[in-house]
Amino acid sequence: MKEKPINHAGAAATFIADKPHLDFHDARLWDMRQKRDAQMHVLPEWQELRSRASAIKEHALANLADYLEQFERNAKRNGIHVHWAADGTEHNRIVAEILAARGARTLIKSKSMVTEECDLRPYLAARGVTVTETDLGERIQQLDDQLPSHIVVPSVHKLTEDVARIFARHYGTDPDADDPHQLAEAQRLAARPVILHADAGMTGGNFFVAETGTFVVCTNEGNADLSATVPGVHIATIGIERVVPRMADLGVFIRLLSRSALGSPITQYTSHFRGPQDGGEMHVILVDNGRSARLGMDDFWTSLKCIRCGACMNTCPVYRRSGGLSYGAVYSGPIGAIIDPTFNERKYSTLPYASTLNGSCTNVCPVKINIHEQLFKWRQVLVEHHQMPFVKREIMHMAGKLMGQPKLYRAAIAGTETALGTLPRFALYNWLNPWGKNRELPEPVKETFHSWYRRNRPAAKPGQTDNAENTP
Amino acid sequence: MRMKIGLFVPCYIDAFYPGVGIATLELLERLGQDVTYPQEQTCCGQPMTNAGCVSDSAASEALFVRLFAGFDAIVMPSGSCTHHVRAHFDAIEQTDAVRHVRANTYELVEFLHDVLKVRDFPWAEFPHTVGLHNSCSSLRALRTASMSELGEPAFSKPMTLLSGVKGIRFATPARPDECCGFGGTFSVSEEAVSARMGLDKVRDHHQAGAEYIVSADSSCMMHQRGCAERAGVNIRFIHIAEILNGARQ
């Protein structure tokens, strides 16, 4: 299927043109990065924790099938129904069947990136189920019919005035009242009745533990606990890569997660779900949706170590200045740019290029995913799979040929000098020249280093003279 | 220790900043080194490889190895080119000559700091406040300075070298490790983000009180200078080789 690649550069340019949003977005996320640094500095064992976390994840992924089956056995023993979903469609069908069997028409849910991946809400809406997000940021995005722009703070690209307008449209509140506390209260008043009368509840899961058959949900608003416990039917959707072998392993991840994400020592709620409440039901849906295939990719399988903390997004200078929506995908930022192409190479072929390869993402990653090296590697894969635009591919091909031929190269350099020195300004700075849109070009020079050297070091030793023969 | 050094001058320095190449050459000669600039040199191949077009780097890499395999050390005033030669020279067969070149290629700062172990530059005086910009290749790939993300003990090879220059003062920007947004072809394919990052970078240094931005990478500075000039940010740029070689401004 031919699908147009995401125009990240264009969307980013639009985002940058809006100064109030850009400035807030950059400052807010940079503040999270700095708070993360402060937390790192109070833990002398920070790097050891990262190494340990990475090793646990790599071990779990290397033995994934065994740990998944161990979890299933133990979870069933705890009274949890365990379902297996090969892809998003199967996941959605399982959810719909659970709801239909109980005549459930309303579902409250806390934030879950996997359900975004599966596109659950439209599927259920088409079957007459009303889905209400209970996480504040996710609810704002739901009301505004947008994807989350960040995996931890889904509406971080919005200002309070944007939220006031959205709430006014849906909740009838004052569109000009943008005090955050008032807005939070408006959401609370709107959400509580829905929560109290919901037929079923849904959460994600940050980790699930093979040896105990239990799972853990980390949140800051308490909405996941309400979603899980109030209705009596709790469905948890979790990606298969989130398994850890032992309860003892959890401590490593809990210590890293919120410190990396928000720069707080721990999330407000770290809830362990061990089985259904009295008279209730608990379902865990383990979702593959491309993960097994990713596990088989030599260069990219370690992206499955991700614990979805968002630290790579917060530190990414490109993400901070382009906004998550510019990636046009469920997962944005550096981690998105290495995961998204596994879902659709053509559509997301531009994302690995939305990076300067600066490497800050790799350094902050709590599970040591070599994100910038995978971005680099993805570019090679995309070129091999013919996903690079033809013109760019040809330019690279011609440049590569030119660079192998010293004589031609010298002639080309001389041409550039002349052009920079003699072309009128409008010719250098037009719409065909993206460099010149917001930047001046370097000034032309009288003499290249090459010419200077020939003039100033005439006593060239044998073998040093310019016997420019072309290499084949 | 007198070494036979091959000088590589990156294409953009050759064409736009010849003074940086001259300063690098003169500085190495001043330090008693036997320096040769092989005149057939073109490019290290980085632009093609970083775009994903690895096979298109083969001709550059083969030429590079042919020209430089005979030297004890290959020195270049560029972190990203050094990183390319050392870590990504994969388009050609890995012969002994290729391995020799990869293992003996140095960025100028690390060569001065680690190999020649120079600490004093008595001929140099730069009575100005400078903000140091480490390119991401120098910082996170070559590790010429400590990285803020890791919380490791602070060190900075370029800062150590510059501290041997009389009269120099340092300004500390708020986000010293933030990428300036050059990124090679990124500067054109993601023009808006790139230019915005560059503007933020030069403003950060300017607000910290820097008269000059000094860096071991001219590519970052070519981009930053362009952003500063267009936006009217009053700051100047100088390569670390020029200061260490005794440039007076």
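Read the figures in this text as sums done on the coordinates, not as results from a lab. Worth saying up front: this structure is predicted, and the values here are computed from it rather than measured. Here the Cβ is made from the backbone with ideal geometry for all residues, glycine too, and neighbour counts use every protein chain on show.
Numerical summary
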{"item": "Cα-based Rg and Dmax for region A:43-289, where Dmax is the largest Cα-Cα distance (Å)", "result": "18.3, 55"}
{"item": "Region A:321-369, Cα convex hull volume normalised per residue, Å³", "result": "83 Å³"}
{"item": "Residue B:66 versus residue A:176: modelled label distance in nm, points set 7 Å from Cα along the beta carbon direction", "result": "7.5 nm"}
{"item": "Ordering of A:71-81, A:17-27 by burial proxy (mean other Cβ atoms within 10 Å per residue, highest first)", "result": "A:71-81, A:17-27"}
{"item": "The protein assembly as shown: Cα Rg divided by the 2.2 N^0.38 Å rule of thumb", "result": "1.04"}
{"item": "Cα centroid separation, region A:377-409 to region A:72-129 (Å)", "result": "46 Å"}
{"item": "Separation of alpha-carbon centers, region B:175-196 and region B:8-31, rounded to whole Å", "result": "24 Å"}
{"item": "Radius of gyration and maximum dimension Dmax of chain B, Cα, Å", "result": "17.4, 50"}
{"item": "By average C-beta atoms within 10 angstrom, highest first, the peptides B:84-97, B:37-50", "result": "B:37-50, B:84-97"}
{"item": "Two-site label geometry, residue A:105 and residue A:398: point separation in nm, points 7 Å out along Cα→Cβ", "result": "6.5 nm"}
{"item": "Chain A: Cys lacking any partner C-beta under 4.7 angstrom", "result": "A:118, A:218, A:306, A:309, A:316, A:365"}
{"item": "Gyration tensor verdict on region B:4-115 (Cα atoms; rounded if a/c is under 1.5, prolate if a/b is larger than b/c, oblate otherwise)", "result": "prolate"}
{"item": "Under 19 Å from residue A:57, Cα to Cα: lysines that are on another chain or at least 8 residues apart", "result": "A:305, A:368"}
{"item": "Gyration tensor (alpha-carbon) shape descriptor, region B:129-244, a/c threshold 1.5", "result": "oblate"}
{"item": "Within 10 Å of each Cβ in A:349-358, the average number of Cβ atoms from other chains", "result": "6"}
{"item": "Simple Cβ-charge dipole of chain A, Lys/Arg +1 and Asp/Glu -1, about Cα centre, in debye nearest 20", "result": "1360 debye"}
{"item": "For residues of A:376-382, the mean tally of beta carbons on other chains within 10 Å", "result": "3"}
{"item": "Pairs beyond 23 Å (Cα-Cα), from A:407/B:4; A:35/A:347; A:35/B:201; A:111/A:347", "result": "A:407/B:4; A:35/A:347; A:111/A:347"}
{"item": "Sequence-distant lysines (8 or more away, or on other chains) whose Cα lies within less than 26 Å of residue A:401", "result": "A:377, A:392"}
{"item": "Residue A:344-residue A:42 FRET efficiency (beta carbon distance; Förster radius 35 Å; 0.05 resolution)", "result": "0.25"}
{"item": "Percent of beta bridges antiparallel (DSSP, region A:43-289, rounded to nearest 5)", "result": "25 percent"}
{"item": "Residue A:105 long-range amide H proximity, modeled H, under 5 Å", "result": "A:199"}
{"item": "For peptides B:215-223, B:172-180, sequence by mean Cβ density within 10 Å, most packed first", "result": "B:215-223, B:172-180"}
{"item": "Between region A:259-299 and region A:335-373, the alpha-carbon center distance in angstrom", "result": "22 Å"}
{"item": "Shielding of A:310-321 by partner chains, average beta-carbon count, 10 Å", "result": "4"}
{"item": "Chain A, helix-only ellipticity at 222 nm - DSSP H runs n ≥ 4, -39,500 (n - 2.57), divided by all residues, nearest 500", "result": "-15500 deg cm²/dmol"}
{"item": "Beta bridges per DSSP with both ends in chain A, % antiparallel, nearest 5", "result": "25 percent"}
